[in-house]
Amino acid sequence: MPQPTQPEPAQPEPREFHYADELLTDGTVCRRYTDGRTEWRSRGESGVVFWRDDHGMTGTDEPLGRDLIKRTYGDGRVIYGREGGYGRTLWSDGALTTNRSQFGGRLGGILTAVAGAALLGSIALPPDFLTPEQEQALQLDADDEFVGADSGSDYGDWGGPGDDGGGDFG
């Protein structure tokens with residue numbers, strides 16, 4: 001007789017958003033998403049990015065290790081993202097964000113679409129939850145990496161042409 005199986009946890013509905021970053025004269029970045037949202041981003045210490053958007057939301061994006069991001073919303077909600085290269089980040093809420101600033105114009109759109117479609121399966125799912133101890137261990141790794149990073153204010157530090165990571169920290 002077959003054993004009853006537990007249902008798989010429901011995965012969030014996948015959604016894909018592209019964005020382009022623009023470096024502003026004050027050293028901050030304006031990020032425009034294809035769904036119409038606009039986000040203003042400024043970098044703090046240890047790689048933390050503070051953001052606010054045109055819908056009144058605020059929060060921080062914090063690096064946890066080499067490719068993990070913790071996004072904390074102003075209301076206390078937390079999601080995690082995993083950078084997958086080629087300017088793509090897969091978030092625990094099901095969103096995939098893709099940086100179209102990497103390559104310009106129509107060619108950039110084509111390259112992003114091809115790379116995204118071909119490599120989507122290669123992004124490991126981000127965690128839904130981490131304990132404070134797990135976050136702290138990952139943060140120590142991220143702090144070690146950030147100390148060696150160039151902390152200047154040129155566009156390369158914001159995920160532009162000089163940044164081969166191309167993730168969501170732009």
Once PHE50, PHE129 are ranked on solvent-accessible area with the largest value leading and a 1.4 Å probe, the list reads PHE129, PHE50
Just to be sure I understand the model, the point goes 7 Å from the Cα along the line to the Cβ. What's the resulting ARG77 to ASP128 distance in nm?
1.6 nm
Projected label distance in nm at ASP26 and HIS55, using a 7 Å step from Cα toward the beta-carbon:
2.3 nm
Along the Cα-to-Cβ line of ASP141, 7 Å from the Cα, sits a label point; which residues in region 27-65 have backbone N less than 14 Å from it?
63-65
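The values are calculated or read from the model by the stated rules, or taken from the named source; none is laboratory data. Please read these numbers as outputs of a predicted model, since none were measured by experiment. We place every Cβ from the backbone using ideal geometry, glycine too, and count neighbours over all the protein chains shown. Heavy atoms of the whole protein, side chains included, go into the accessibility calculation; ligands, DNA and RNA do not. Shrake-Rupley method; radii C 1.70, N 1.55, O 1.52, S 1.80 Å.
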